[in-house]
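To start, the structure itself, in structure tokens.
None of the figures in this text is laboratory data; all of them are computed from the coordinates on show. Since the structure is predicted, the reported quantities are computational estimates derived from the model, not experimental observations. Because the Cβ atoms are built from the backbone with ideal geometry, glycine has one as well, and the counts that use them run over all protein chains shown.
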Amino acid sequence: MGVTGIAPGRVLVVGLGISGMATAIRLRGLGWETVVVERAPGRRTGGYFIATFGVGQAAAKRLGIYDALPDRTPTGDSVMYEIERSGKRRKGINLFDLPVTPKPELMLRGDVEQALFTALPKDVEVRYSTVPTKIDQDSDGVDVTLHDLVAEADTTEHFDLVVGADGVRSTVRSLVFGPHERYLRRLNYMIAAFELPKTPATMRIGDGAMLNEPGRSMIVYPFKDHLPTALFSYRTDDVDAEFTQTPAERIRAVYGPPPYGEILAEVIDDFAAADTYLFDSVEQPHLDSWHRGRVVLVGDSAWCPTLYSGMGSSTGLAGGELLGTVFEEHTGNLEDALTDWEQRLRHYTNNFQSMGTKASSLFTPSNQAGILARRAMMAARRSSVVAPVVNRAMSKLPMMRIRGTDIAAATRAEVNA
Ligand SMILES: Cc1cc2nc3c(=O)[nH]c(=O)nc-3n(C[C@H](O)[C@H](O)[C@H](O)COP(=O)(O)OP(=O)(O)OC[C@H]3O[C@@H](n4cnc5c(N)ncnc54)[C@H](O)[C@@H]3O)c2cc1C
């Protein structure tokens, strides 16, 4: 039996998102001198709706942030309505209200990031407006050229490990593994997500709304103690063309022609006026390996399952946390540790990516038949007679159980078996 634990050194974490901060907290705790660089000029706040499933809750507990995560699941008589432009409404269900144990908790992405940032040890150095532009490595370490976007100055620094936690269009991945086109698969969906400045006028505070039309949907997600967020999701055959107009122009065109109906019209106007929003194509990276030498990808940069799976932030937390656990317990070298870490996660992330692909048509049905099938499923899950049977059956499905799994605990049992 060798020495336990990968010897700590100096680590560069690229990206101050959920995966980057989870990794930084864990590695700093093991004694790594930790530098985080972030492209944005400051920390992001707010964001869109996310569900944190058991996969993420277990990791959050070990990271010491679970108690700081607010559960904003609407309580009491909150109703998610399926709406039509005509003003017609019928009761539906929240798509992430799934029969999973433990119960998923609803919050904003910014809630998770705030909890992680608060837990980030003060001696972790965070540099904003900074991006890597060159990464060279040999067996002794990694030389990274960092570009300061404000000072417009470059420095080259030496690290023992580089963690690319810089999202689905990862610069670290493109510098070390190859261009985006080699790894990213487009799902041919676009999304736009933002925080609403107010509950739409014709909606009751605390209620939600879903508009489903062939190939396009819009959802207003309600929260407890917070204004709602909105999500547009639509199919496209030409992703590149989506970026040739402003996001507001695209949304008006795709959801047109008017009349939009009261709620959709108001949400579109709010989107057009929003300072901060996400407008992007939905893509998944697929790589045979997430590490090359001393460079490793964590989170969306490696395995982005997409919003349709609802597992991206949960696996970002779990992946970053597990990297620390594997480093702490490993008796081999860095390469072996990264290989083992990856093997422990793969089964889960493959499943979540596959869920993301399949669930895209549940989120945004492509035709009327899909809309009716979804409506029937929702009706079954709302019926006091049928719902207990359906929920019990659903809760036994592998795709449900896996969302609630503590990956580190489950795979430790496999390692020790
Ligand atoms: C609308 C929507 C709904 C979602 N719902 C859910 C849900 O219900 N449940 C769930 O678990 N997940 C959900 N997700 C997914 C989840 O939000 C992401 O998977 C998760 O936030 C990914 O975190 P990350 O840290 O890996 O990447 P990101 O959040 O993309 O963070 C990457 C960070 O790196 C920075 N960066 C990028 N490039 C560079 C560079 N070159 N140099 C330095 N810094 C850089 C970025 O500015 C950013 O701060 C949803 C996503 C969306 C869009």
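Eigenvalues of the Cα gyration tensor times 5, then square-rooted: what semi-axes does that give for the chain, in whole angstrom, largest first? All intermediate terms of the calculation are to be shown ahead of the outcome.
On the way: eigenvalues 278, 122, 71 Å².
Working from the Cα gyration tensor, I get semi-axes of 37, 25, 19 Å.
In terms of Cα atoms, the Rg and Dmax of region 57-151 work out to 21.6, 66 Å. With θ taken as phi - 60° and the Karplus curve 6.51 cos²θ - 1.76 cosθ + 1.60 applied, the whole-hertz 3J(HN,Hα) list for region 126-143 is 10, 10, 7, 6, 9, 9, x, 10, 8, 9, 10, 9, 9, 5, 8, x, 10, 9 Hz, x standing for glycine and proline. In the chain, the DSSP-assigned H stretches of four residues or longer account for a calculated mean residue ellipticity at 222 nm of -11000 deg cm²/dmol, using -39500 (n - 2.57) per stretch and the full residue count as denominator. If you count Lys pairs in the chain whose Cα atoms are under 26 Å apart, skipping same-chain pairs closer than 8 places in sequence, the total is 16. A simple count of charges around Val168, restricted to other residues whose Cβ falls under 13 Å of its Cβ and scoring Lys, Arg +1 and Asp, Glu -1, yields 0. Distance from the Cα centre of region 326-370 to that of region 35-54, in angstrom? Cα centres, region 326-370 to region 35-54: 20 Å. Using all pairs of distinct alpha-carbon atoms, the Kirkwood hydrodynamic radius of region 267-361 works out to 14.9 angstrom. Taking a ≥ b ≥ c as the square roots of the eigenvalues of the alpha-carbon gyration tensor, region 129-188 is classed oblate because a/c is 1.5 or more while a/b is no larger than b/c. Taken along its three principal axes, the alpha carbon spread of region 1-72 comes to 46, 32, 15 Å, from the longest extent down to the shortest.
When both region 73-131 and region 374-417 are represented by their alpha-carbon centers, they are found 19 Å apart. Note on Glu262 and Ser78: their simple-model spin labels are 2.2 nm apart, each label 7 Å out from Cα toward Cβ. Using the alpha-carbon positions of region 41-86, Rg (one decimal) and Dmax (whole number) come out as 15.6, 49 Å. If both residues of a DSSP beta bridge must be in region 1-111, then about 60% of such bridges are antiparallel. The listed peptides 293-299, 340-346, ordered by packing as a protection proxy, come out as 293-299, 340-346 (highest mean of other Cβ atoms within 10 Å first). By DSSP, the beta bridges lying fully in the chain are antiparallel in about 70 percent of cases. Farthest towards the positive end of the charge dipole of the chain, among the residues Ile191, Ala24, Pro179, is the Cα of Ile191, using unit charges on the Cβ of Lys, Arg, Asp and Glu. For region 202-268, the equivalent ellipsoid derived from the alpha-carbon gyration tensor has semi-axes of 24, 13, 11 Å in decreasing order. Per-residue extension of 0.36 nm, minus the Cα-Cα distance of Asn350 and Glu335, leaves a gain of 3.2 nm for this segment.
Between Gly370, Gly316, Trp303, the Cα set farthest toward the positive side of the dipole of region 288-417 (charges on each charged residue's Cβ, about the Cα centre) is that of Gly370.
The per residue volume of the convex hull around the alpha-carbon atoms of region 364-417 is 114 Å³.
Taking the Kirkwood radius as Rh and the Cα radius of gyration as Rg, region 158-247 has a ratio of Rg/Rh equal to 1.12.
You can think of it this way: the chain between Asp143 and Asn188 has 12.5 nm of extra reach, that is 0.36 nm per residue less the Cα-Cα gap.
One way to sum up the overall shape of region 299-353 is the equivalent ellipsoid from its Cα gyration tensor, whose semi-axes run 23, 10, 8 Å, largest first. On the basis of the beta-carbon distance and an R0 of 25 Å, Val385 and Lys224 show a calculated FRET efficiency of 0.30.
Counted over region 322-409 with a bin width of 5 Å, the fraction of Cα pairs per bin, in whole percents, is 3, 12, 14, 15, 15, 12, 8, 7, 6, 5, 2, 0. Evaluated with a Cβ-only charge set (Lys, Arg +1; Asp, Glu -1), the chain carries a dipole of roughly 2020 debye about its Cα centre, given to the nearest 20.
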